[in-house]
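The values are calculated or read from the model by the stated rules, or taken from the named source; none is laboratory data. Just so you know, these numbers come straight off a predicted model, no measurement behind them. With ideal geometry, Cβ positions are generated from the backbone for all residues, glycine too; neighbour counts draw on all protein chains shown.
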Amino acid sequence: MSKKEIVIKNDYEKIIIDCDTIITNWIFPTFPFTLDIYINDGITLNSKVILNLNQIDGNINIFSTNNTNCLIKMGLKLFSNNKLQLNHHLLGNENKSDIELRIIQENNYLSTITTLGKIFPNTYQNEIKTQLKVFQKDDYKIICEPKLIVLTDDVIANHNVTIKSFDNEELFYLESKGIENKKAKSLQMEGFLNHILK
């Protein structure tokens, strides 16, 4: 399996994945961008990363034709206002898509994170799952929108959003072991994001 770092330098980029690939890092610009990723038939695309986002305005489109396997898991630490949309278009048959974003808004700005899964008509035996998991820190606000457009009957499709905050019992336990409250909260947030890497 080849390894690739995605570096976006222009407002539009197109990438063709023609062999099994692990994306080890995504480097986004601060200007608005669109990234189109095309996964060839029978190919696996895998990415498990933790990213710091600062003033991102991006649209990522993934296109799968037949018998592809796409696993995208991102831990996102959001600084300032961010807008990110991750779309997976299942154009053909027997594709598997598993997208999970774990999100922490680090300061008092407003970010919008959207996932869209679209299964096209006259396709069969596709599976798609999208998950947005948010760690609610303080009263910071974030907009999360998981969307599914399903235009066929022969599909397994799921999407969800979960929101969690600090676990007071765990904080109490860590503090009883001599860990300061601020450090204990930091450990909880790190654990939340690091789950992506398992």
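When you scan the stretch 25-33, do you find a residue that is hydroxyl-bearing (S, T, Y) and outside any loop (DSSP other than H, G, I, E, B), even just one? Let's see the steps before the verdict.
First, pick out the residues of the stretch 25-33 that are hydroxyl-bearing (S, T, Y): 30.
Then keep just the ones that are outside any loop (DSSP other than H, G, I, E, B); that gives none.
No, because not a single residue in the stretch 25-33 is hydroxyl-bearing (S, T, Y) and outside any loop (DSSP other than H, G, I, E, B).
So that you can scan it fast, the table gives a plain yes or no per residue for (1) over 22 Å from E106 (Cα atoms); (2) in the same structural domain as L101 (by TED's automatic domain parsing); (3) of a type in the set (G, A, S):
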position	(1), (2), (3)
K147	yes, yes, no
D153	yes, yes, no
A157	yes, yes, yes
I179	no, no, no
K185	no, no, no
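With the structure loaded, tell me whether I22 is touching an Asp or Glu at 6+ places or on another chain (Cβ under 9 Å) and without any contact (Cβ under 8 Å) to a residue 60 or more places away in the chain or whether it fails that test.
Numbers: touching an Asp or Glu at 6+ places or on another chain (Cβ under 9 Å): no; without any contact (Cβ under 8 Å) to a residue 60 or more places away in the chain: yes.
The answer is no for I22.
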Which numbered condition V134 fails, given (1) in contact with a Phe, Trp or Tyr (Cβ under 6 Å, 6 or more places away or on another chain); (2) in a strand (DSSP E or B); (3) not polar (S, T, N, Q): (1)
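For the stretch 26-43, what are the residues that are more than 30 Å from N93 (Cβ to Cβ) and surrounded by 13 or more Cβ atoms within 10 Å (Cβ to Cβ)?
Initially, the stretch 26-43 is screened for residues more than 30 Å from N93 (Cβ to Cβ), giving 27-33.
Scanning the stretch 26-43 gives F28, P29, F33.
For the stretch 44-57, which residues satisfy the criterion of being part of a strand (DSSP E or B) and crowded, with 20+ Cβ neighbours inside 10 Å? If you could, list the steps in order and put the result at the bottom.
Within the stretch 44-57, the subset part of a strand (DSSP E or B) is 44-54, 57.
L45, L53 - these are the residues of the stretch 44-57 that are part of a strand (DSSP E or B) and crowded, with 20+ Cβ neighbours inside 10 Å.
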Elements of type strands (runs of 3 or more DSSP E) in the stretch 77-129, at least 1 residues being surrounded by 17 or more Cβ atoms within 10 Å (Cβ to Cβ) and small (G, A, S): 96-105, 110-119
